[in-house]
Amino acid sequence: MQTEKMTRFGVSMPNRLLTHFDELISDKGYANRSEALRDLVRDYLVEREWEADEETVGTVTIVYDHHVKELADALTHIQHEMGTLIISSLHVHLTHTHCLEIIVVRGKSSEIRKMADHLIGTKGVIHGKLTAATIGSSF
Ligand code: NI
């Protein structure tokens, strides 16, 4: 892969803010400020992509008890209804009772959010989280 041309620029920042930024860099294990700053900008751009309702990707993670009556059927039903959004899914039998499911989704962010809310809000789902990612074509 060809490396994209980089531009150096100076950044002025209040000392206190810079101290917090350096703490964050150290906690997260970044090699330097530039790498940390690039990631922050990318995060911000991804957030904007999701706000603009563009086509994007994400994952929905849910943990549930498959012994809860009709829950597994309800979750499967939601996924079949929204079939065109789903790229892939992974099911892990965590314990005798609990299952973890990771659903990879691609589509308009509003549609993804709607399905994620529906899954996470289903009675009996113990934990659920939507992670916003990006197709990455703009960076
Ligand atoms: Ni299972």
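Every read-out reported here was derived from the displayed coordinates using simple, explicitly stated rules and does not represent laboratory data. Owing to the predicted nature of the structure, the values given are computational and were not obtained by experimental measurement. Ideal geometry is used to build each Cβ from the backbone, glycine not excepted, and the neighbour counts take in all protein chains shown.
Comparing Cα centroids, the stretch 1-29 and the stretch 83-123 end up 35 angstrom apart. From least to most packed, judged by other beta carbons within 10 angstrom and beginning with the fewest, Ser109, Ser12 follow the order Ser12, Ser109.
Considering only the other residues whose Cβ falls under 14 Å of the Cβ of Thr19, what net charge follows from Lys and Arg at +1 and Asp and Glu at -1? Could you put the intermediate results ahead of the total?
Working: positive: Arg16, Arg33; negative: Asp22, Glu23, Asp27.
That works out to -1.
Net length available on complete extension from Val11 to Glu35 is 7.3 nm, with 0.36 nm assigned per residue and the Cα-Cα distance removed.
With bins 10 Å wide beginning at 0, the percent of Cα pairs of the stretch 1-137 falling in each bin runs 10, 31, 24, 21, 11, 2. Across the cross-link table entries Lys5/Lys129; Lys28/Lys123; Lys69/Lys114, which are compared at the Cα atoms, the separations over 31 Å belong to Lys5/Lys129; Lys28/Lys123.
Mind ranking 39-52, 95-108, 14-27 by how tightly packed they are, going by the mean number of other C-beta atoms within 10 angstrom, highest first?
Working: 39-52: 13.2, 95-108: 16.1, 14-27: 11.0.
Highest mean packing first, the order is 95-108, 39-52, 14-27.
Ranked by how many other Cβ atoms sit within 10 Å of their own Cβ, fewest first, the residues Thr3, Thr84, Thr56 fall in the order Thr3, Thr84, Thr56.
Dividing the helix sum by the residues of the chain, where each DSSP H run of 4 or more adds -39500 (n - 2.57), gives a mean residue ellipticity at 222 nm of -13000 deg cm²/dmol. Segment Ile86..Asp43, full-extension length gain: 13.2 nm, with 0.36 nm per residue of separation and the alpha-carbon distance subtracted.
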